[in-house]
Amino acid sequence: ASFLLLYFRTSLGIPLIFALLLQPPLTQLSVITQPNIVLLMADDLGIGDVGCYGNDTIRTPNIDRLAKEGVKLTQHIAAAPLCTPSRAAFLTGRYPLRSGMDAINNYRVIFWNGGSGGLPPNETTFAKILQQQGYRTGLIGKWHLGVNCESRDDHCHHPLNHGFDYFYGMPFTLISDCQTTETPEMDRAFRRKLWLSTQMIGLVTLTAALGRLTGLISVRWKTLTCLAGFSLVFFLSWFSSYGFVRYWNCIMMRNHEVTEQPMVTDRTTSLILRESISFIERNKHKPFLLFLSFLHSHTPLLTTEKFLGRSSHGLYGDNVEEMDWMVGQVLDIIDKEGLENTTLVYFASDHGGWLERQEGKRQLGGWNGIYKGGKAMGGWEGGIRVPGIFRWPGVLPAGTVIHEPTSLMDIYPTVVHLAGGVLPQDRIIDGRDLLPLLQGTAEHSEHEFLFHYCGVHLHAVRWHQKDSGAIWKAHYMTPVFHPPGAGACYDRGFCPCFGEGVTYHDPPLLFDLSRDPSEAKPLSADTEPLFDTVIRKIGRAREEHHRTLTPVPEQLSLYNAVWKPWLQPCCGTFPFCWCDKEGDN
């Protein structure tokens, strides 16, 4: 009997063991230490522009492939609806106002390479932690988080000062001024304010000087000199905004060196792709972090001739399809080098599509699907809900869709954990490690509340009521659309964060996104029995969150926003800044 029992155990056991050995299970994270990490970030891409999120007219087969082979997030939220603050939050894992990277005024992004604002040197990016863990770290493409603080060569805000070993790309952002055939885009309202400020400071300076000369006012010459200096700075900033923008802002850099001033837009796409592939090839034998920050799909929509006229959505669709092709080229080199199973790939956009960006009947901005609002709108879903896709074969389950609330800030603790690093203990990190959720070992996101800012103004709060599955969202302010009901601020080009351009709500507008993702039907105490309970709960969370905020220097203040000639990156002897080192090569 014991022999028969042993026989059956053996005869059944051996095939079972072989079956288990041959089964391709999800790899345990402990087996793969320090995976390569490739972060792909689109610029101004709407969630409705991608095939796997519902678009059936713009072709994005490579992004769709990522979703098919990995995990797709349907409620992936940017921490801000504009480039500079959103990217600051992404790199630091913190709401941008914690680092001074969100605005109290209307200067909500970095305006000049020669400005003094930017990501503060005391902020610790995930790149810096990965660098300390032995990773080779590279940033290819857009930065838009400042360059210098006090001198042309201090590079205090530069990527190389924030944990990146290698940088190639634009320290600024694409604007239509970069392409000579396009209508200048540099903020006309900003120019008017610069001129008004110049006149006011000039008038004060002249009045003080006359008062000093006539003896009517007691003013020190030192004070007059300072006033005259400020007048000159504001005048030069205003003057430089006409005709010089292309030379001051549209530049390319390799590490600290300016390589193109102004940039040659016809070859920008090919150079960024070449640099990305080269970085992977150079570092394939060691753990690496590549942050490929696309210039697509920001205006002026630089698109090579090969892709012009290919889509049914005009130049914008052509540009998105070219970016998708670039994604495919990066995936191909990862596969070619045999790195697919040891590389985590992530794709996202920095915020929603720009609805107001039009020229005549041409729509040059993105589409945000069923979600209300768009770029620059801090509360409405269209401005902050973005694509979010992860792929890591053998570790993350393919074809998975997750509907839990997640944030771009979550990338920070996720990649730090994968690299074996430790989160900073001297500051608040707002992001949460996504790995348990992505692998299916956690049912819910760790975020109970997410706070949606427009500048430093809190426009909305999201509460994930995990026991019921409801996702409540309370709006304290909403932009005033023009024309009424249009869904955007077509009269301004951007929706404002405060003042006459917003409506203040007391009680706040309340939606349940699990039932009404388009935010079409606000709830009330008459239509929702839990209305008062939810509003109180969100109100307490808002107060608790506010207590965690501490004053920090404002990086986007008016002084930091204005152009300063002594901070302008220059290839040559200032002000004769011109070079084409890529062309020379």
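The values are calculated or read from the model by the stated rules, or taken from the named source; none is laboratory data. Source: prediction; values computed, not measured. Methodologically, a virtual Cβ is constructed for each residue, glycine included, from the backbone with ideal geometry; neighbour enumeration extends over all protein chains shown. The area values use the complete protein model at the heavy-atom level, side chains included, leaving out ligands, DNA and RNA. Shrake-Rupley method; radii C 1.70, N 1.55, O 1.52, S 1.80 Å.
Residue count for the range 501-538, restricted to those that are free of Cβ contacts under 8 Å to residues at least 24 places away in the same chain, touching a Pro at 6+ places or on another chain (Cβ under 9 Å) and within 17 Å of LEU450 (Cα to Cα): 0. Being of a type outside the set (A, V, I, L, M) and surrounded by 21 or more Cβ atoms within 10 Å (Cβ to Cβ) is the filter here; which residues of the range 132-154 pass it? Answer for the range 132-154, where residues must be of a type outside the set (A, V, I, L, M) and surrounded by 21 or more Cβ atoms within 10 Å (Cβ to Cβ): TYR135, THR137, GLY138, GLY141, LYS142, TRP143, HIS144, GLY146, ASN148.
Scanning the range 546-576 for residues being surrounded by fewer than 16 Cβ atoms within 10 Å (Cβ to Cβ) and in a helix (DSSP H, G or I) gives a total of 4. Could you tell me whether the range 293-307 includes any residue that is assigned to a strand (DSSP E or B), buried (at least 22 other Cβ atoms within 10 Å of the Cβ) and in contact (Cβ under 8 Å) with a residue 24 or more places away in the chain? Yes, the range 293-307 contains a residue that is assigned to a strand (DSSP E or B), buried (at least 22 other Cβ atoms within 10 Å of the Cβ) and in contact (Cβ under 8 Å) with a residue 24 or more places away in the chain. Quick check on GLY493: is it out of contact with any strand residue (DSSP E or B) (no Cβ under 8 Å at 6 or more places or on another chain), modelled with pLDDT under 95 and assigned by the TED database to the domain that holds SER86? Yes.
So, ASP516, is that one within 12 Å of ALA470 (Cβ to Cβ), surrounded by fewer than 15 Cβ atoms within 10 Å (Cβ to Cβ) and among the acidic types (Asp, Glu) or not?
yes
Within the range 366-382, can one find any residue that is crowded, with 17+ Cβ neighbours inside 10 Å, within 30 Å of ARG536 (Cβ to Cβ), at pLDDT 95 or above and of a type in the set (Asp, Glu)? Checked against the condition, which is being crowded, with 17+ Cβ neighbours inside 10 Å, within 30 Å of ARG536 (Cβ to Cβ), at pLDDT 95 or above and of a type in the set (Asp, Glu), the range 366-382 yields at least one hit.
The condition (being in the same structural domain as PHE294 (by the TED database), open to solvent by less than 10 Å² (accessible area, probe 1.4 Å) and more than 23 Å from PRO35 (Cβ to Cβ)) is satisfied by just one residue among ASN105, ASN113, ASN122, ASN161: ASN113.
Among the residues that make up the range 480-495, is at least one of them open to solvent by 40 Å² or more (accessible area, probe 1.4 Å) and under 20 Å from PHE347 (Cα atoms)? Within the range 480-495, none of the residues are open to solvent by 40 Å² or more (accessible area, probe 1.4 Å) and under 20 Å from PHE347 (Cα atoms). Screening ASP426 against (1) surrounded by fewer than 21 Cβ atoms within 10 Å (Cβ to Cβ); (2) under 21 Å from the mean Cα position of the chain (by Cα) leaves a single unmet condition, (2).
Considering the range 308-361, and only residues there that are open to solvent by 50 Å² or more (accessible area, probe 1.4 Å) and touching a Leu at 6+ places or on another chain (Cβ under 7 Å), the residue that is modelled with the highest pLDDT turns out to be GLN329. Taking the numbered list (1) open to solvent by less than 30 Å² (accessible area, probe 1.4 Å); (2) under 25 Å from the mean Cα position of the chain (by Cα) in turn, ALA541 passes all entries but (2). With respect to CYS454, determine if the residue is closer than 30 Å to LYS128 by Cα, in contact with a Pro (Cβ under 8 Å, 6 or more places away or on another chain) and buried (at least 22 other Cβ atoms within 10 Å of the Cβ). The answer is yes for CYS454.
Answer yes or no as to whether LEU130 is outside any loop (DSSP other than H, G, I, E, B) and either at positive phi or at pLDDT 95 or above (or both). Considered against the rule, which asks whether it is outside any loop (DSSP other than H, G, I, E, B) and either at positive phi or at pLDDT 95 or above (or both), LEU130 comes out as yes.
Taking residues in the range 209-236 that are within 20 Å of LYS564 (Cα to Cα), and partners anywhere that are at pLDDT 85 or above and open to solvent by 60 Å² or more (accessible area, probe 1.4 Å), the pairs with Cβ atoms closer than 8 Å and at least 6 places apart or on different chains are LEU227/VAL204. Scanning the range 267-292 for residues that are buried (at least 24 other Cβ atoms within 10 Å of the Cβ) and assigned to a loop (DSSP other than H, G, I, E, B) gives no hits.
Count, please, the residues in the range 59-102 that happen to be more than 30 Å from LYS193 (Cα to Cα), assigned to a loop (DSSP other than H, G, I, E, B) and open to solvent by 10 Å² or more (accessible area, probe 1.4 Å). Number of matching residues: 2. In this structure, is LYS128 of a type in the set (D, E, K, R) and touching a Cys at 6+ places or on another chain (Cβ under 9 Å)? Criteria not met by LYS128.
Residues are listed down the side, and each one gets a yes or a no for (1) assigned by the TED database to the domain that holds GLY146; (2) at pLDDT 85 or above; (3) more than 25 Å from VAL327 (Cβ to Cβ):
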residue: GLY211; (1), (2), (3): no, no, yes
residue: ARG220; (1), (2), (3): no, no, yes
residue: GLU257; (1), (2), (3): yes, yes, yes
residue: ARG274; (1), (2), (3): yes, yes, no
residue: GLU281; (1), (2), (3): yes, yes, no
residue: LEU290; (1), (2), (3): yes, yes, no
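Taking the criterion of being part of a helix (DSSP H, G or I) and basic (Lys, Arg), the residues of the range 507-545 that qualify are ARG536, LYS537, ARG540, ARG542.
Please specify each residue of the range 436-446 satisfying the condition of being out of contact with any Asp or Glu (no Cβ under 7 Å at 6 or more places or on another chain) and open to solvent by 10 Å² or more (accessible area, probe 1.4 Å). Within the range 436-446, PRO436, GLN439, GLY440, THR441, ALA442, GLU443, GLU446 qualify.
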